[in-house]
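**Q** Please read through the structure below; I'll follow up with questions.
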Amino acid sequence: MSRKAWELNPERYAFTGRRVLVTGAAGVVGQEIVRQLLAEHRPALVRLFDQNESGLFFAEQTLRAALPESADRLRLLMGDVRDRDRLIRAFQNIDVVIHCAALKSPWLCNYNPFEAVQTNLVGVQNVIAAALETGVGRVVAVSGTHAANPVGVLGATQLMAERLLSAAHLHSGPAALVYATVRFGEVLSPASDLVQGVRDRVHAGLPVVLPGLDASRFVLGLGDAARLILAAGGRAQGGEVFVVKMPSMRMVDLANVLADRLTPGKRPQFEQAPVDPMDGEHLYDELVGESELPHCVDADDFVVILPVDRPTAPGVARVLHAPRSDQLNPLTPGGLEALLRESGALP
């Protein structure tokens, strides 16, 4: 397989021989990060940290079956990012933390805002403090497109978490601890909410509910999402938000492609839901907010939002327009089907 431009540059920062901990490791993205670490980067040890007991169990079973030669480097740790003392114990002798644990559903976060704050903000604060106390060298955290021009609870917590991590880098002092964030859109995989939601509605013969027939999203395959996070770990100097330049898709096209595979020749019916940004519904994705543009630079496959204390280096290309999913040419149905197959969301 040819290397993507955003893949890890081992000359900058390698995971080989490192001791890595992944929070939210029982989740879809977290588990893929662990798989790629073991398969491609030869770390000394990988600790899977999650509060989901059954998720950890099945993650270990899957990884052991896929990579039996790496099983002795896996360690399973039960715990919650809300518990700072537990994180401090888990981070002992760890070189790199990849922080994936978060609440990610817009409407559930709106309905349970106090829980969203506890996990998405207090959890990030705990990761920052535990990493500083235990001498971790690098923290790379996962964020999402709701952080760009946020309205609902999810976006507000994502943006604030990014700001906490950028501030943590400024205040880490002589420890030289690097904090960075990765921001991306929908991840396509068999277990993603977007794919499962459409598939379940089609299976049940129900109309697919969309915020609008022109609704679009930025998308990324599961494997590429994990590679992006690892690549950010290699490029980060501290305090940046790495935003990948992602293709966009029309949600109608996603439903049609999935329906055609489930019930060939039968087109799905659609139902339009009211668009209320306060509930997390939106017609298009944004990757960068207007207020962030003065701090954005172009870096190959990334838009990098620099921390406020770092001036743009001479000769570095600036980003002048905020990317929106409805302003790009969307993937063709054939291109979308190929991405779904690559991600395992289609047989």
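**Q** Restricting the search to region 40-58, which residues are within 21 Å of LEU188 (Cβ to Cβ) and either modelled with pLDDT under 95 or aromatic (Phe, Trp, Tyr) (or both)?
**A** As a first pass, look at region 40-58 and keep what is within 21 Å of LEU188 (Cβ to Cβ): 40, 55, 58.
Answer for region 40-58, where residues must be within 21 Å of LEU188 (Cβ to Cβ) and either modelled with pLDDT under 95 or aromatic (Phe, Trp, Tyr) (or both): GLU40, PHE58.
**Q** Sort out which residues of region 85-110 are surrounded by fewer than 17 Cβ atoms within 10 Å (Cβ to Cβ) and closer than 20 Å to THR134 by Cβ, and write them in order of number.
**A** Result: ASP85, ILE88, ARG89, GLN92, ASN93.
The rows are residues; the columns are (1) under 18 Å from the mean Cα position of the chain (by Cα); (2) exposed (fewer than 15 other Cβ atoms within 10 Å of the Cβ); (3) in a helix (DSSP H, G or I).
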{"position": "ASP224", "(1), (2), (3)": "yes, no, yes"}
{"position": "VAL243", "(1), (2), (3)": "yes, no, no"}
{"position": "PRO264", "(1), (2), (3)": "no, yes, no"}
{"position": "MET278", "(1), (2), (3)": "no, yes, yes"}
{"position": "HIS282", "(1), (2), (3)": "no, no, no"}
{"position": "ASP326", "(1), (2), (3)": "no, no, yes"}
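**Q** Given the residues ARG64, ARG35, ARG73, which is the only one that is surrounded by fewer than 16 Cβ atoms within 10 Å (Cβ to Cβ), over 25 Å from LEU159 (Cα atoms) and of a type outside the set (Gly, Ala, Ser)?
**A** Values: ARG35 fails: surrounded by fewer than 16 Cβ atoms within 10 Å (Cβ to Cβ); ARG73 fails: surrounded by fewer than 16 Cβ atoms within 10 Å (Cβ to Cβ).
Just one listed residue meets the conditions, ARG64.
**Q** Okay, moving on. Condition test on GLN196, is it in a helix (DSSP H, G or I), under 30 Å from SER343 (Cα atoms) and free of Cβ contacts under 8 Å to residues at least 12 places away in the same chain?
**A** So GLN196 fits the description; yes.
**Q** Any residue at all in region 247-260 that's modelled with pLDDT of 90 or more, among the hydroxyl-bearing types (Ser, Thr, Tyr) and not in a strand (DSSP E or B)?
**A** The answer is no, given that none of the residues of region 247-260 is modelled with pLDDT of 90 or more, among the hydroxyl-bearing types (Ser, Thr, Tyr) and not in a strand (DSSP E or B).
**Q** Go through region 46-81 and give me each residue that's over 19 Å from VAL28 (Cβ atoms) and either over 22 Å from the mean Cα position of the chain (by Cα) or among the β-branched types (Val, Ile, Thr) (or both).
**A** PRO68, GLU69, SER70, ALA71, ASP72, ARG73, ARG75
The values are calculated or read from the model by the stated rules, or taken from the named source; none is laboratory data. Everything numeric here is computed off the predicted structure, so don't read it as measured data. So basically every Cβ, Gly included, is an ideal-geometry build from the backbone, and we count neighbours across all protein chains shown.
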